[in-house]
Structure formats: C-alpha cells, structure tokens
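Below is one structure, written out as structure tokens, with a few remarks after it.
The values are calculated or read from the model by the stated rules, or taken from the named source; none is laboratory data. Since the structure is predicted, the reported quantities are computational estimates derived from the model, not experimental observations. So basically every Cβ, Gly included, is an ideal-geometry build from the backbone, and we count neighbours across all protein chains shown. Please note that ligands, DNA and RNA were not included when accessible areas were found on the heavy atoms of the full protein model with its side chains. Shrake-Rupley method; radii C 1.70, N 1.55, O 1.52, S 1.80 Å.
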Amino acid sequence: MNRSVSRRTFLRGAGVALSLPWLESLAPRGAWAQAGGRIRYLPIFLPNGSAEIWKPPTSGVGAAWQLSGVLEPLAAFKSKMIVLTGMENGSAFNADSSSSVEPSHGRQPGAWLTCIDPGIVRMQLGVAEANRISLDQTMGKTPGVVGNTPIKTMQVGLSTWYSFCDQNPCSNSRTVSWSEAGKPMYKSVDPLEVFTKLTGVVSSTPATPPTGPDPALQKRIALNKSVLDAVQENSLRTQVRLGNADKAKLDQFLTQVRTIEKQATTMSIGMGGLACSPIAKPNMPGPVLPDKAKQNSATYNKGTHADVMNDLIVMAFQCDATRVITYMMEDERSEFSYGHVPLRTFTATTSSMGGGGVCGEYHNNGQHGDQMQFATISHWHAGKVAALCAKLDAIKEGDKSILDNSVVWFSGPMHGSNHSCSQIPMTLIGGGGGKLKGDQHIVFAKRWLRDMHMTIMKDVFGMSGPGVDDFGIQRANLPYMQMKEILV
C-alpha cells in the first residue's frame with residue numbers, strides 16, 4: 001500500500017480485514033496533516049417532520065439566539081451548529097415553488113438528497129422505480145471526497161418494519177440514496193450486517209459478491225468467537241511496531257470493537273436478523289410486519305438499536321472505512337410506537353418531564369396527534385443525534401475532532417403535521433473542516449434546499465462538474481445562489 005496516499009493499516013485474518021484508527025507510529029511523516037483534511041458527510045433523516053416548536057425563538061449569532069426545547073439535547077454543540085429556518089424543497093416539484101406536494105410521505109423523501117421529483121425521472125425513463133443520483137452517491141464517486149476508503153458510501157437506518165408507502169414506489173420513502181444507474185440503495189438496519197461490512201471488506205466492489213450468509217460469520221457466532229480471534233496473530237505483530245501511546249490506543253480500540261461486536265450480535269438476534277440465520281428467529285410479540293418490530297418488545301429496544309448504530313458510524317469514521325454515510329432514523333411515515341419514551345412538556349427554549357404518560361405511535365398519534373407527543377419524539381431523536389455527535393467530538397485528529405471535520409445534516413423532508421414542503425426542520429452540526437460558520441440560527445423568507453446542498457458540495461467538499469453544477473431540477477427556474485451565510 002502506498003503510504004504517501006494512505007495511512008491505513010489493516011489487521012487481517014480469515015475473512016476479516018479490520019481497518020485501524022490513526023496510529024502515529026505507523027504513519028509516514030507529514031501524514032497527520034493530511035488526515036486532518038478528511039471531511040465526512042452524514043445526513044441524518046428525520047421522518048414525519050417535527051412539531052412547530054423545533055424552531056428556535058430568536059435568530060442571530062452567538063448569544064443572540066437559543067436552541068428550542070426540541071433541540072435542547074444538542075446544547076453542548078450549539079457553538080458547532082447552524083439552524084436553518086425557511087428552507088423549502090417545493091421548488092423541486094412545483095413550477096410556482098408552492099409547498100404543497102401530495103401524497104407527501106410518498107414523494108417528498110425522494111427529493112431530500114436529489115432536489116428532483118422522482119416521478120419526473122420515472123416518467124422520462126418509462127420505468128416503475130427510478131431517481132437521479134443522490135448527493136451522497138455523487139460524493140462517493142468523487143476521489144477528492146472519499147479518497148481510497150474501502151467503502152465509498154454506507155446506508156444505515158433504524159427501521160424495523162415496512163412502513164406505508166403513500167401510493168408511491170416504496171423506494172421513495174424507505175431509502176434516500178440512489179445510485180448513478182437510478183437504482184435505490186436501501187439501508188442496512190441490522191447492526192451485525194453493518195459490523196460485518198466494516199470488518200470484512202477491503203474493497204467496496206468485491207469481485208464475487210456474497211450470495212448468502214457468510215459461513216465464517218455463522219461459525220464465529222455458533223462458537224461465540226470474535227473477529228478479533230481471527231486477527232490475533234496480526235495484532236501481536238502490529239503491537240511490536242507501536243510506541244507506548246499507540247499501544248494503549250490500539251488496546252482501547254480493540255476493546256471497543258469487541259464491545260460493539262457483542263452488542264451488534266445481541267441486537268441482531270433480537271431483531272431476527274443476520275445472527276439468527278440459520279438459527280430459528282424469535283417470536284416477536286405485538287403488531288408486526290414480517291418478523292419486524294413495530295414497538296419495543298422483550299427482544300427489541302429502539303434506544304439500544306440507535307446506540308449500537310451510533311457506535312458503528314463512529315467506528316466507520318474513526319477507521320476511515322468510509323467518509324459518507326446516510327442514516328435514516330426511520331422510514332418516512334414511520335408508524336413505530338414510542339411508548340418507551342416519557343412524555344415531555346415544552347416551552348420555547350426548554351423541556352421538562354412532568355404530567356406522566358408516554359408517547360404513542362409516531363405518525364397518527366405524533367405527527368397528527370398531540371403536539372407535545374410529536375415534539376417529545378423529535379426530542380428523543382435529537383438526543384440520539386447528540387450522543388452520536390459527542391462520540392465524534394471526543395476523537396481528535398490533530399487540533400480538531402472528527403465532528404469538527406464533519407458535516408452532520410439533521411433534517412426531514414417536510415415541515416410537520418401540515419405536510420408542507422417548506423419550513424423544513426433542519427440543522428447542520430460540525431465544522432466541515434473549518435469551513436462552516438457555527439453558532440447561528442439563520443431565518444430565510446424562502447430558500448430552496450438545493451442552494452444548501454450545492455454550497456456544501458462546492459465550498460466545503462470542493463466538488464464541481466456533472467452532478468454538482470447541474471444538481472436538482474429547476475422546476476421554478478431558480479438560479480443557484482451560494483449560501484454564503486453558512487460559510488466562514
């Protein structure tokens with residue numbers, strides 16, 4: 001491997017290629033500065049929109065603005081946040097830029113990372129399912145963004161059952177990533193599947209794609225073995241080459257990997273996932289669609305699912321296994337029941353427990369029900385995003401953290417209970433490698449989402465050319481306008 005291009009070191013064993021985090025002892029001179037130039041992109045999809053009180057009560061920079069009660073869990077990252085109000089994506093659908101896009105759940109998510117109506121693409125191609133290449137996939141084929149990472153892009157999520165597709169192709173609402181060929185790239189929801197991908201590949205395009213469960217994986221699970229057992233000899237040889245600080249760092253990382261592996265395997269078993277094949281799947285109580293939970297149960301916990309997926313995302317970025325991950329916290333029009341989340345009461349800038357009760361089903365009882373329930377569910381999701389950001393911020397790369405070198409976009413495709421394609425709830429978290437101007441709430445009268453996407457691609461990631469300069473479709477004949485407000 002060319003060390004002038006990459007500092008990557010793998011621990012290898014039978015069926016395992018575990019990419020290691022930055023270890024100074026193994027890095028070529030001057031490579032640390034290069035490592036700081038890696039910027040990650042993490043769009044996090046929030047379904048169903050949010051309650052109106054997502055919006056902070058005041059706009060401005062620094063002390064001039066405060067987070068809303070819904071965004072309260074992200075308070076530790078206020079200085080690294082940009083809340084954007086007044087963003088719309090109706091211009092991707094309507095020539096007059098109007099915000100009504102129905103059926104909303106089945107159409108709006110398809111334009112979240114494309115700024116184009118998938119229905120137009122399907123009509124042009126004469127096919128039942130299609131879209132233009134999504135932003136994350138355009139990044140994935142841009143060498144300056146992804147470098148030589150073994151996995152160019154990843155798609156992960158927390159969905160556990162087949163949500164209603166709103167009279168549209170289900171790809172519109174169950175994925176946000178679309179390949180260059182116009183095909184949907186569905187997310188992995190089984191943590192063990194994600195872990196296996198992170199520890200079992202050295203190329204994102206294997207010569208012979210697997211056609212079934214990996215026998216080596218099944219054997220490890222049956223024998224209660226770990227991927228670390230497969231790389232033990234290689235690990236010992238690597239330890240000899242390290243200084244004391246890097247030895248401690250490697251030990252800590254390998255302990256972390258084993259913890260994640262155990263959690264991912266346990267969660268997979270509880271979901272009836274990869275770890276259960278060919279073992280019999282558990283009988284999951286409650287209303288389900290095939291073998292998937294619609295609520296917390298004796299074998300499934302949504303919070304644990306989110307925590308494990310967070311750890312896998314951190315591991316992927318820390319090891320530079322990939323720099324682009326799309327993360328769907330649910331399918332659009334999620335009907336998962338959040339009965340495990342205690343109801344909260346909100347003011348403009350705070351939230352508190354009290355009054356008793358728990359949240360109900362996300363779509364009918366949340367989005368179209370009690371707004372305090374709706375806000376509580378969004379607050380729960382914001383808390384999981386905050387926990388993820390905390391872990392990214394704790395890992396340093398020179399004088400910056402992974403969060404400083406990331407663009408985390410936390411957003412949904414619609415406003416909320418009114419299904420409007422304007423006033424979309426969204427916030428950017430992270431420094432974008434020092435290119436984003438944090439600690440501000442910006443209120444636009446009306447601004448097309450495409451402007452933000454193109455600004456991120458052009459000015460943060462340095463992208464240009466096809467897929468960037470012609471991003472989105474100008475249904476409303478709106479020229480691109482750089483979003484200078486978010487840039488340093």
Given the conditions (1) small (G, A, S); (2) open to solvent by less than 30 Å² (accessible area, probe 1.4 Å); (3) closer than 17 Å to E129 by Cα, which single one is not true for S159?
-> (3)
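Please verify whether the range 152-164 includes one or more residues that are charged (D, E, K, R), outside any loop (DSSP other than H, G, I, E, B) and within 21 Å of the chain's Cα centre (by Cα).
Here is the first cut: in the range 152-164, the ones charged (D, E, K, R) are 152.
Filter again for outside any loop (DSSP other than H, G, I, E, B), leaving none.
Looking for residues that are charged (D, E, K, R), outside any loop (DSSP other than H, G, I, E, B) and within 21 Å of the chain's Cα centre (by Cα), one finds none in the range 152-164, hence no.
Does K384 satisfy the criteria of being more than 20 Å from the chain's Cα centre (by Cα), open to solvent by 30 Å² or more (accessible area, probe 1.4 Å), closer than 30 Å to W22 by Cα and not polar (S, T, N, Q)?
Working: more than 20 Å from the chain's Cα centre (by Cα): no; open to solvent by 30 Å² or more (accessible area, probe 1.4 Å): yes; closer than 30 Å to W22 by Cα: yes; not polar (S, T, N, Q): yes.
Against the criterion (more than 20 Å from the chain's Cα centre (by Cα), open to solvent by 30 Å² or more (accessible area, probe 1.4 Å), closer than 30 Å to W22 by Cα and not polar (S, T, N, Q)), K384 does not qualify.
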What tally of residues in the range 170-190 results from selecting those that are over 23 Å from V460 (Cβ atoms) and open to solvent by 30 Å² or more (accessible area, probe 1.4 Å)?
-> 7
Answer yes or no as to whether A280 is over 21 Å from the mean Cα position of the chain (by Cα), part of a helix (DSSP H, G or I), at pLDDT below 90 and under 21 Å from L223 (Cβ atoms).
-> no
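Suppose the filter is basic (K, R) and within 22 Å of L312 (Cα to Cα); does R107 pass it?
On the way: basic (K, R): yes; within 22 Å of L312 (Cα to Cα): no.
Considered against the rule, which asks whether it is basic (K, R) and within 22 Å of L312 (Cα to Cα), R107 comes out as no.
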Taking the range 352-373 on its own, how many of its residues are open to solvent by less than 20 Å² (accessible area, probe 1.4 Å) and touching a Ser or Thr at 6+ places or on another chain (Cβ under 7 Å)?
-> 5
Qualifying positions in the range 406-459 - under 12 Å from M87 (Cα atoms), open to solvent by less than 20 Å² (accessible area, probe 1.4 Å) and not aliphatic (A, V, I, L, M) = S411, G412, P413, S420, C421, P425, T427, W448, R450, D451, H453
For Q371, state whether it is over 25 Å from the mean Cα position of the chain (by Cα), under 25 Å from H105 (Cα atoms) and touching a residue at least 24 places away in the same chain (Cβ under 8 Å).
-> yes
Contact list, first residue from the range 434-459 and touching a residue at least 60 places away in the same chain (Cβ under 8 Å) and closer than 16 Å to F410 by Cα, second anywhere and in a strand (DSSP E or B) and open to solvent by 10 Å² or more (accessible area, probe 1.4 Å), beta-carbon distance below 6 Å, six or more apart or interchain, is Q440/V61
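Given the residues T266, T326, T304, which is the only one that is at pLDDT 95 or above, hydroxyl-bearing (S, T, Y), under 23 Å from the mean Cα position of the chain (by Cα) and surrounded by fewer than 23 Cβ atoms within 10 Å (Cβ to Cβ)?
None of the other options fit; the residue is T304.
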Taking the options G110, G140, name whichever one is open to solvent by less than 20 Å² (accessible area, probe 1.4 Å) and over 27 Å from N477 (Cβ atoms).
-> G140
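For every residue, the table says whether it meets (1) more than 30 Å from A181 (Cα to Cα); (2) assigned to a helix (DSSP H, G or I); (3) touching a Leu at 6+ places or on another chain (Cβ under 6 Å); (4) of a type outside the set (A, V, I, L, M).
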| residue | (1), (2), (3), (4) |
| --- | --- |
| V70 | yes, no, no, no |
| S79 | yes, yes, no, yes |
| I82 | yes, no, yes, no |
| G86 | yes, no, no, yes |
| N94 | no, no, no, yes |
| S97 | no, no, no, yes |
May I ask you to list the residues in the range 335-351 that are touching a Leu at 6+ places or on another chain (Cβ under 9 Å) and either open to solvent by 10 Å² or more (accessible area, probe 1.4 Å) or among the hydroxyl-bearing types (S, T, Y) (or both)?
-> T349
Within the range 191-210, identify whether any single residue is at pLDDT 90 or above, farther than 30 Å from M328 by Cα and open to solvent by less than 30 Å² (accessible area, probe 1.4 Å), and answer yes or no.
-> no
Using the structure shown, decide if W161 is in contact (Cβ under 8 Å) with a residue 40 or more places away in the chain, over 25 Å from L217 (Cβ atoms) and touching a strand residue (DSSP E or B) at 6+ places or on another chain (Cβ under 8 Å).
-> no
